[in-house]
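The values are calculated or read from the model by the stated rules, or taken from the named source; none is laboratory data. Since the structure is predicted, the reported quantities are computational estimates derived from the model, not experimental observations. With ideal geometry, Cβ positions are generated from the backbone for all residues, glycine too; neighbour counts draw on all protein chains shown. Surface accessibility is based on the protein's heavy atoms, side chains included, excluding ligands, DNA and RNA. Shrake-Rupley method; radii C 1.70, N 1.55, O 1.52, S 1.80 Å.
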Amino acid sequence: MAAVKVHGAPLSTAFQRAVVCLYEKEVDFEVVPVDMRAGAHKQEPFISLNPFGQVPAFEDGDLQLFESRAITKYIAEEYAEKGTQLIPFETKKKAIASVWMEVEAHQFDPVASKLAWEIIFKPMFGMTTDQAAVEENEAKLAKVLDVYENRLSKSKYMGGDCITLADLHHLPNLQCLLGTNVKSQFESRPHVKAWVADITSRPTWAKVLAMLKP
């Protein structure tokens with residue numbers, strides 16, 4: 001039995017964020033399914049792992065964590081010698097990667113998550129999409145992607161010349177939006193388009209997507 005356990009559901013973008021990092025680091029892990037439709041994430045025993053009742057929760061031996069980006073940072077540092085180096089060792093390069101990790105969390109994720117909720121998840125749950133919210137957040141996304149286009153014209157990846165957590169953290173919500181009309185926002189910017197094609201074609205991401213299949 002693996003010492004590393006990830007509690008969650010494959011449909012969760014936060015769960016996907018943690019799992020792709022584990023695959024990149026070549027760390028053996030066990031998935032502990034959480035039946036979110038039944039509300040298991042709001043009940044014991046899960047609530048003891050994450051008092052906010054959100055997936056994923058993470059265990060590595062006696063260590064318990066929640067919040068997907070905190071989990072990925074731990075994995076990248078604890079298993080630094082394994083798999084892909086996802087956080088630069090050199091201080092200045094690490095700082096630059098950290099900036100773009102913050103950008104993903106505070107600039108990209110809020111608008112991308114809102115778009116995914118309105119366009120994908122609301123219809124899935126029998127709710128009506130708020131078209132005004134879609135238009136508002138697509139405009140916000142366009143402004144973020146303009147910054148990305150400029151950044152990626154100077155750097156192959158968000159955090160530098162090599163892939164880092166700053167790139168991987170984008171994958172779940174990015175994948176959601178590529179299945180919608182919002183895809184055109186990414187494809188109309190050549191450097192963003194090339195970056196998207198690069199990171200979404202990683203074998204580790206294919207493993208995550210395979211978890212979504214029945």
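Taking 0.36 nm per residue of separation and subtracting the current Cα-Cα distance, fully stretching the chain between residue 197 and residue 139 would add 18.7 nm. Surface composition of the chain: carbon and sulfur atoms hold 55% of the protein heavy-atom accessible area at a 1.4 Å probe. Restricting the trypsin sites (Lys or Arg not before Pro) of region 36-102 to loop positions (DSSP other than H, G, I, E, B) with no more than 15 neighbouring Cβ atoms within 10 Å leaves 37, 82. Restricting to bridges with both residues inside the chain, how much of the DSSP beta-bridge set is antiparallel, in percent to the nearest 5? Taking every DSSP beta bridge within the chain, about 70 percent pair in antiparallel fashion. The gain in end-to-end length when the residue 74 to residue 92 segment is fully stretched comes to 4.5 nm, 0.36 nm per residue minus the alpha carbon separation. Scalar couplings 3J(HN,Hα) for region 26-35, obtained by applying the Karplus form with A = 6.51, B = -1.76, C = 1.60 to θ = phi - 60°, are 6, 9, 5, 8, 10, 8, 9, x, 10, 7 Hz; x denotes Gly and Pro. When the chain is described by a simple charge dipole with +1 on each Lys and Arg Cβ and -1 on each Asp and Glu Cβ, the residue from 145, 204, 58 located farthest towards its positive end is 145. Calculated accessible area for region 1-135 comes out at 53 Å² per residue, all protein chains present (probe 1.4 Å; ligands, DNA, RNA ignored).
Multiplying the residue separation of residue 211 and residue 11 by 0.36 nm and removing their Cα-Cα distance gives an extension gain of 71.1 nm. Spin-label model, residue 30/residue 84: points 7 Å from Cα along the beta carbon direction are separated by 2.7 nm.
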